[in-house]
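Bear in mind that the values in this text are calculations on the coordinates, not laboratory data. This is a predicted model, so every value here is computed, not measured. For neighbour counting, all protein chains shown are included, and Cβ atoms are generated from backbone atoms with ideal geometry for every residue, glycine included.
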Amino acid sequence: MAYDKNSVNKAILAGHLGKDPEIRYTSANVPVANFSIATNQVYRDKNGENQDTTEWHNIVAWNKLAEVAEKVLKKGRLVYVEGRLQTRQWEDKEGNTRYTTEVRADNMTLLGGGKKDDDQGQPAYQEGRQAASSQGEQASGPPEEESQGDDDLPF
């Protein structure tokens, strides 16, 4: 994928899954997984007391990465995700135009923090090369871009 040499669109997150990924298939039978991860920040307020905030990030994974996500990601698991921000335009049931900003995942690594700590740090997927998931399955890179017309929306 080519980018303008003067721009960067990179998202790097590590957090816990809020629930198991939801997987759907486009009309062309392309798998799409949607899930959210929580990141936490602790800061001191003006009274010197620690405050904890949680930010939820919507993640979308396509193709082989979506299949791997469905198999290895479970609620509460700690996962590292690399990808890029993308904003989609869609219409709701009332015909209103809506926008959704999400992270389109390119790479994922399980970091542990779940039931199977033996796969801590195991790459679930790495773009451009083969990487074994914690289930022993091989995952390869996605095609350049999938068409994301109205027929391909994952909901």
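Long-range amide H contacts for GLY112: which residues qualify at under 5 Å (H placed 1.01 Å from N, peptide plane, sequence gap of 5 or more or a different chain)?
Counting only residues 5 or more places away or on other chains, the set is LEU78, GLY121.
Work out from phi, with θ = phi - 60° and the Karplus expression 6.51 cos²θ - 1.76 cosθ + 1.60, the ³J(HN,Hα) of each residue of region 47-64, listed in order in whole Hz, and give x for Gly and Pro.
Along region 47-64, the couplings run 8, x, 8, 6, 10, 10, 10, 10, 10, 9, 10, 7, 10, 10, 10, 10, 6, 4 Hz.
Using the 10 angstrom Cβ neighbour count as an exposure proxy, how do GLU22, GLU55 rank, fewest first?
GLU55, GLU22
Going by how many other Cβ atoms sit within 10 Å of their own, how do VAL42, VAL79, VAL30 line up, fewest first?
Result, fewest neighbours first: VAL42, VAL30, VAL79.
What FRET efficiency, computed as 1/(1 + (r/R0)^6) with R0 = 22 Å and r the Cβ-Cβ distance, is obtained for GLN86 and TYR25, rounded to the nearest 0.05?
The pair GLN86/TYR25 has a calculated efficiency of 0.70.
Past the 31 Å Cα-Cα mark, which pairs from LYS5/LYS46; LYS10/LYS71; LYS5/LYS71; LYS19/LYS46; LYS5/LYS93?
Flagged as over cut-off: LYS5/LYS46; LYS5/LYS71; LYS19/LYS46; LYS5/LYS93.
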